[in-house]
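Asks: Have a look at this one before I ask anything.
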Amino acid sequence: MTIIKRGLTALAAGALGTALAVPAFAEPVKFDFWFGLSGDLARVVDTLCKNFNASQSDYQVVCTSQGNYDATLQNTIAAFRAGKQPTVVQVYDVGTATMMLSGAYKPADKLMEENGYKIDYSDYFPGIARYYATSKGEMLSFPFNSSTALMYWNKDAFAKIGKTEAPKTWEDVGADLKALKDAGYDCPMAINISANESWQLMEQFSAIHNQPIATKNNGYDGLDARLEMNKTKFVQYVTDLKKWYDDGLIKIKSKDLGQDMVQAFATGTCQVIMTSVGDHGTVGKTKKEGMSWDVAELPVYAGTERKNSLVGGASLWVLSGKSDAEYKGAAAFLNFIHDPKTALFWSTNTGYIPVTKSGFEYMKANGFYDKAPYKGREVAIESLTASEPTEITRGIRLGNFTQIRAEFGTQMQAIFANKESVQDGVDALVKNGDAILDRFQQTYPNKTLP
Amino acid sequence: MEKRVTFGRWTIGILFAVPQLILIFTFFYWPAGQAVYWSLTLQQPWGGGNIWVGLENFRSILANADYWNSITTSLVFAGISTGLAMTIALVLATLTDRQLAGSRLYRVVLIWPYGIAAPALALAFRFILAPEAGFMAFANQFWPGFWDPGLDGADAMASIILAFSWKYVGYNFIFFLAALQAIPRSLIEAAAMDGSGVVRRFRDIQFPLITPTIFFLLVINITESFQDSFGIVDIMTAGGPANATNLMVYKIYSDGFRGLDYSGAAAQSIILMLLIVALTIVQFRFIERRVHYR
């Protein structure tokens, strides 16, 4: 009996030994990464993942596109509630406040420290790092794809009115648009006024002019922040845009109407647009044969001291409730993305800008910005680093900001359709936006932003 | 006397009903109950906890002017698109029923639109109705500014009504045609021999005989216009411009999923459910009286 028992124990121990030993040199640890990019950009992310998997043999990242940013956040929340969340997830800029209060993440800086990676956080461009950092400066997530808004202008059209440079002030823009119209251009400038354009029309404008969007330093200092763009230069700006629209200097272009503004610019229909640097590649690839164009920083009103523009895009969050082995893999993955060589690969294949100074220097040293089609994208870095971020130009930290953007679209449409005056429209935006913020604050009682 | 299978004990009967009951419970009562619970609390989207707020969610929704606007647009949408889809379908079905040349072909072709998924047909209509590139661009060339769904709320509403009606014409057509063909030929032939014309025959014979179908389609069309309109709105207008097409079902989606306000969205869907129930009761109570079942 005892012999049999001992024999069985030995057998079991042996089996256990092999079971433990085998995975060590065979199966890499798998972990999930969900992202919100699609189409061309999704293919670039897939390549990035393949490169990471090929660069080492311990971990394997499984990258899955969820279609768009909204869906990524929604699906991640659903998965988290069911306990099936991915290890790493890409969350868009305006989702930052929601993530910070979720209690569903592992702080990125702590993760890197625990796994022995030294990341120099001062290497990030301050305008980018501060957007995602806590009010105390800790990095809870890693900046990933980043862009900012630029003004695209048609050099040929401006040459016709005797200009060789892009307008630097809004006063000049007004005069130039008038001149373009008089020179026979039917669409001097194109804008769109759906929810998404809150980014360039309201958020970037306010940052560059150092104007607050909300109290409490745009929400960084507390959930009781409320909107206040109805008292800033933004009202003047909307008034001017509306006037130019009424005068036929600005046309509204959107996909629903037939042509979005990037297409309108690339085909030479419209001469000026404001959009993300991420569209730089698209314009270059799809522009009308022989058209000469360039990008410039967004204009300011005369006499304004220019501040840094805001970063747009998304950051990578590591979610809680995963195993140590998966966290090790996630740390290795984030470290890989942080590498300047990855920055060069990423920016070459997309329109996004490098997020670190070392990445930017590495790309400059490689001659990336010297010639077409990438020449001009350095303007985005200049715009982002125009000044040290102020309390207001750090970013926007408001709950449910997606809904506030939707409200922006609604009110702008009402203003442009002459349903209400500019001041009434912006006041309504503040009133309805505040109701959204009220609700967000009620949902998270006794909680504070980190 | 009729022979009936009876069970001595009621438990066996229940046992037979169990599979069905489980299905209904899992897919209807449980989610609906969950929605009621959510509508009475404030849910943190990530599941970190919730607070009991009683009827506060309903109070804040009903105090919101945007929500009342959304109810009005939904009712306008339901009324016009149901009227349009049913009238056109009835006319087409009556004509097809008269065995005019090519009616066999129409019978097949007219059913197709219902088979197209809402987002796909919305995309098609978006191209057709685009003011700069589509079919309506011609109209705009002659009357600049005539058609602008991007800024004009009435134009946007017209676009989604058109798309929705187009889809439901196909659905209604099948039912109308079936109902018309179920009317005994002899009745119509007898009327024709008595000298009544096409319109008279329709008014006195066909229309009264198909009222059950008309009533059925009325209920279905109104219900569906509250629910099935989501895909069309999402693709064509996204609720804009300036909330002109922000139907109740779309507002539930955008508040709940985009705004992560699960509790507010749950409360809205309870209200939508009550509204549809109320409308259906009204229809059965007041319109069904005029229906002649055979």
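Asks: Please count how many residues of the range B:136-158 are charged (D, E, K, R) and out of contact with any helix residue (DSSP H, G or I) (no Cβ under 7 Å at 6 or more places or on another chain).
Replies: 2
Asks: Tell me the residue from B:188, B:235 that is within 14 Å of chain A (Cβ to nearest Cβ) and in contact with a Lys or Arg (Cβ under 8 Å, 6 or more places away or on another chain), please.
Replies: B:235
Asks: Among what's in the range A:416-430 and is free of Cβ contacts under 8 Å to residues at least 40 places away in the same chain and more than 17 Å from residue B:69 (Cβ to Cβ), pick the residue that is nearest to the other protein chains (Cβ to nearest Cβ).
Replies: Among residues in the range A:416-430 that are free of Cβ contacts under 8 Å to residues at least 40 places away in the same chain and more than 17 Å from residue B:69 (Cβ to Cβ), the one nearest to the other protein chains (Cβ to nearest Cβ) is A:418.
Asks: Take the range B:250-265 and flag every residue that is of a type in the set (A, V, I, L, M, F, W, C) and either assigned to a helix (DSSP H, G or I) or more than 7 Å from chain A (Cβ to nearest Cβ) (or both).
Replies: Once the filter is applied, which keeps residues that are of a type in the set (A, V, I, L, M, F, W, C) and either assigned to a helix (DSSP H, G or I) or more than 7 Å from chain A (Cβ to nearest Cβ) (or both), the range B:250-265 yields B:252, B:257, B:265.
Asks: In the range B:44-75, what residues are aliphatic (A, V, I, L, M) and either more than 13 Å from every other protein chain (Cβ to nearest Cβ) or touching a Gly at 6+ places or on another chain (Cβ under 6 Å) (or both)?
Replies: B:55, B:62, B:71, B:75 - these are the residues of the range B:44-75 that are aliphatic (A, V, I, L, M) and either more than 13 Å from every other protein chain (Cβ to nearest Cβ) or touching a Gly at 6+ places or on another chain (Cβ under 6 Å) (or both).
Asks: If only one of A:372, A:406 is out of contact with any helix residue (DSSP H, G or I) (no Cβ under 6 Å at 6 or more places or on another chain), in contact (Cβ under 8 Å) with a residue 24 or more places away in the chain, among the small types (Gly, Ala, Ser) and not assigned by TED's automatic domain parsing to the domain that holds residue A:91, which one is it?
Replies: A:372
Asks: Between B:134, B:150, which is buried (at least 16 other Cβ atoms within 10 Å of the Cβ), of a type outside the set (A, V, I, L, M), under 30 Å from residue A:431 (Cα atoms) and modelled with pLDDT under 90?
Replies: B:150
Asks: Any chance you could count how many residues in the range A:300-331 are closer than 30 Å to residue A:210 by Cβ and surrounded by 21 or more Cβ atoms within 10 Å (Cβ to Cβ)?
Replies: 11
Asks: I'm told residue B:161 meets every condition in (1) within 14 Å of another protein chain (Cβ to nearest Cβ); (2) among the hydrophobic types (A, V, I, L, M, F, W, C); (3) touching a helix residue (DSSP H, G or I) at 6+ places or on another chain (Cβ under 9 Å) except one. Can you identify the failing condition by its number?
Replies: With respect to (1) within 14 Å of another protein chain (Cβ to nearest Cβ); (2) among the hydrophobic types (A, V, I, L, M, F, W, C); (3) touching a helix residue (DSSP H, G or I) at 6+ places or on another chain (Cβ under 9 Å), residue B:161 is out only on (1).
Asks: When the residues of the range A:332-357 are narrowed to those that are of a type in the set (Gly, Ala, Ser) and more than 18 Å from residue A:108 (Cβ to Cβ), which ends up surrounded by the most Cβ atoms within 10 Å (Cβ to Cβ)?
Replies: Within the range A:332-357, the match that is surrounded by the most Cβ atoms within 10 Å (Cβ to Cβ) is A:347.
Asks: For residues in the range A:176-206 being closer than 18 Å to residue A:299 by Cβ and aliphatic (A, V, I, L, M), which is farthest from the chain's Cα centre (by Cα)?
Replies: So, considering only residues that are closer than 18 Å to residue A:299 by Cβ and aliphatic (A, V, I, L, M), the one farthest from the chain's Cα centre (by Cα) is A:179.
Asks: Looking at this structure, is residue A:413 without any contact (Cβ under 8 Å) to a residue 40 or more places away in the chain, more than 26 Å from residue A:307 (Cβ to Cβ), outside any loop (DSSP other than H, G, I, E, B) and out of contact with any helix residue (DSSP H, G or I) (no Cβ under 8 Å at 6 or more places or on another chain)?
Replies: No.
Asks: So how many residues does the range B:121-151 have that are closer than 21 Å to residue B:165 by Cβ, more than 10 Å from every other protein chain (Cβ to nearest Cβ) and not in a loop (DSSP other than H, G, I, E, B)?
Replies: 7
Asks: Within the range B:82-93, identify whether any single residue is out of contact with any Pro (no Cβ under 8 Å at 6 or more places or on another chain), outside any helix (DSSP H, G or I) and modelled with pLDDT under 95, and answer yes or no.
Replies: Checking the range B:82-93: not a single residue is out of contact with any Pro (no Cβ under 8 Å at 6 or more places or on another chain), outside any helix (DSSP H, G or I) and modelled with pLDDT under 95.
Asks: Would you call residue B:78 over 24 Å from residue A:98 (Cα atoms) and either loosely packed, with under 14 Cβ neighbours inside 10 Å or within 14 Å of another protein chain (Cβ to nearest Cβ) (or both)?
Replies: No, not satisfied.
Asks: Right, here's the next one. Scan the range A:73-86 and give yes if some residue there is away from every other protein chain (no Cβ under 14 Å) and of a type in the set (S, T, N, Q), otherwise no.
Replies: Within the range A:73-86 (the criterion being away from every other protein chain (no Cβ under 14 Å) and of a type in the set (S, T, N, Q)), the answer is no, since none of the residues qualifies.
Asks: Another question about this same structure. Is it true that some residue in the range A:341-360 is among the charged types (D, E, K, R), touching a strand residue (DSSP E or B) at 6+ places or on another chain (Cβ under 8 Å) and under 20 Å from residue A:141 (Cβ atoms)?
Replies: The answer is yes; a qualifying residue exists.
Asks: Given the criterion in contact with a strand residue (DSSP E or B) (Cβ under 6 Å, 6 or more places away or on another chain) and within 14 Å of chain B (Cβ to nearest Cβ), identify the matching residue among A:105, A:124.
Replies: Just one listed residue meets the conditions, A:105.
Asks: Moving on to the next point. Answer yes or no: is there a residue in the range A:360-375 that is under 30 Å from residue B:261 (Cβ atoms) and in a helix (DSSP H, G or I).
Replies: No - not one qualifying residue is present in the range A:360-375.
Asks: Return the pair list, or none, for Cβ contacts closer than 8 Å from residues in the range B:193-213 that are under 20 Å from residue B:96 (Cβ atoms) to residues that are among the basic types (Lys, Arg) and assigned to a helix (DSSP H, G or I), at least 6 apart or on different chains.
Replies: B:211/B:290
Asks: State the number of residues belonging to the range B:206-236 that are surrounded by 20 or more Cβ atoms within 10 Å (Cβ to Cβ), over 15 Å from residue B:78 (Cα atoms) and of a type in the set (Ser, Thr, Tyr).
Replies: Residues flagged as surrounded by 20 or more Cβ atoms within 10 Å (Cβ to Cβ), over 15 Å from residue B:78 (Cα atoms) and of a type in the set (Ser, Thr, Tyr) within the range B:206-236 amount to 1.
Asks: To continue, here is another question. Evaluate the range A:121-136: report whether one residue or more is surrounded by fewer than 22 Cβ atoms within 10 Å (Cβ to Cβ), closer than 27 Å to residue A:349 by Cα and of a type in the set (Phe, Trp, Tyr).
Replies: There is at least one residue in the range A:121-136 that is surrounded by fewer than 22 Cβ atoms within 10 Å (Cβ to Cβ), closer than 27 Å to residue A:349 by Cα and of a type in the set (Phe, Trp, Tyr).
Asks: Of all residues in the range A:391-430 being over 17 Å from residue A:94 (Cα atoms) and hydroxyl-bearing (Ser, Thr, Tyr), which is nearest to the chain's Cα centre (by Cα)?
Replies: Top of the filtered list is A:410.
Asks: For the range A:209-217, does any single residue satisfy the condition of being of a type outside the set (Gly, Ala, Ser), out of contact with any helix residue (DSSP H, G or I) (no Cβ under 6 Å at 6 or more places or on another chain), free of Cβ contacts under 8 Å to residues at least 40 places away in the same chain and within 18 Å of residue A:310 (Cα to Cα)?
Replies: Scanning the range A:209-217, I find at least one residue that is of a type outside the set (Gly, Ala, Ser), out of contact with any helix residue (DSSP H, G or I) (no Cβ under 6 Å at 6 or more places or on another chain), free of Cβ contacts under 8 Å to residues at least 40 places away in the same chain and within 18 Å of residue A:310 (Cα to Cα), so the answer is yes.
Asks: Return the pair list, or none, for Cβ contacts closer than 9 Å from residues in the range B:21-32 that are within 21 Å of residue B:11 (Cα to Cα) to residues that are surrounded by 10 or more Cβ atoms within 10 Å (Cβ to Cβ), at least 6 apart or on different chains.
Replies: That search, which allows pairs on different chains as well, returns B:21/B:14.
Asks: Moving to a separate point now. For residue A:108, state whether it is more than 16 Å from the chain's Cα centre (by Cα) and buried (at least 22 other Cβ atoms within 10 Å of the Cβ).
Replies: yes
Asks: Any residue at all in the range A:119-133 that's in contact with a Phe, Trp or Tyr (Cβ under 6 Å, 6 or more places away or on another chain), in a helix (DSSP H, G or I) and free of Cβ contacts under 8 Å to residues at least 40 places away in the same chain?
Replies: No; the residues of the range A:119-133 include none that is in contact with a Phe, Trp or Tyr (Cβ under 6 Å, 6 or more places away or on another chain), in a helix (DSSP H, G or I) and free of Cβ contacts under 8 Å to residues at least 40 places away in the same chain.
The values are calculated or read from the model by the stated rules, or taken from the named source; none is laboratory data. Everything quoted here is computed from the prediction, not taken from an experiment. Glycine also receives a Cβ, built like all others from the backbone with ideal geometry; neighbour counts cover every protein chain displayed.
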